[in-house]
Amino acid sequence: MLLTVALITTLAGCTQVKTQEYYAENLDEAKKVLQKCEAEANKGKALEGKKLENCNNAGMAVMNGMMQDLTKGLMDAVR
């Protein structure tokens, strides 16, 4: 029973597209998703459909987070 629930949860997680906003609030998860995307691409596997959407959304969230950190650092330096 527990194995079935874990399998269903895992499969549901693989098919769910998470938004940029979600990843922006969960940057650690976004970074992990990007690592998996990079690993898949390095193996020559095509990123398609929901997997590609998650990779793009995670990537944009991480990039936006980095830009916010950079902007904050620059603003703090000017003050």
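The values are calculated or read from the model by the stated rules, or taken from the named source; none is laboratory data. Please read all numbers here as calculations on a predicted model, not as lab measurements. In this analysis, Cβ positions are derived from the backbone assuming ideal geometry, glycine residues included, and neighbour counts consider all displayed protein chains. To get the accessible areas, we keep the full protein, side chains included, count just its heavy atoms, and leave off ligands, DNA and RNA. Shrake-Rupley method; radii C 1.70, N 1.55, O 1.52, S 1.80 Å.
For the reader, a short list of remarks on this structure follows.
- Taking the criterion of being in contact with a helix residue (DSSP H, G or I) (Cβ under 8 Å, 6 or more places away or on another chain) and open to solvent by 90 Å² or more (accessible area, probe 1.4 Å), the residues of segment 43-64 that qualify are Lys50, Lys51.
- Residues (at pLDDT below 95, among the hydroxyl-bearing types (Ser, Thr, Tyr) and touching a helix residue (DSSP H, G or I) at 6+ places or on another chain (Cβ under 9 Å)) located in segment 1-34: Thr15
- Any chance Glu48 is at pLDDT 95 or above and among the acidic types (Asp, Glu): no
- Any hit, segment 36-44, residues being on the phi > 0 side of the Ramachandran plot and not in a helix (DSSP H, G or I): yes
- The residue pairs whose first member lies in segment 32-57 and is farther than 19 Å from Glu21 by Cβ, whose second member is part of a helix (DSSP H, G or I), and whose beta carbons are closer than 7 Å, counting only pairs six or more residues apart or on different chains, are Leu47/Cys37; Leu47/Glu40; Leu47/Ala41; Leu47/Cys55.
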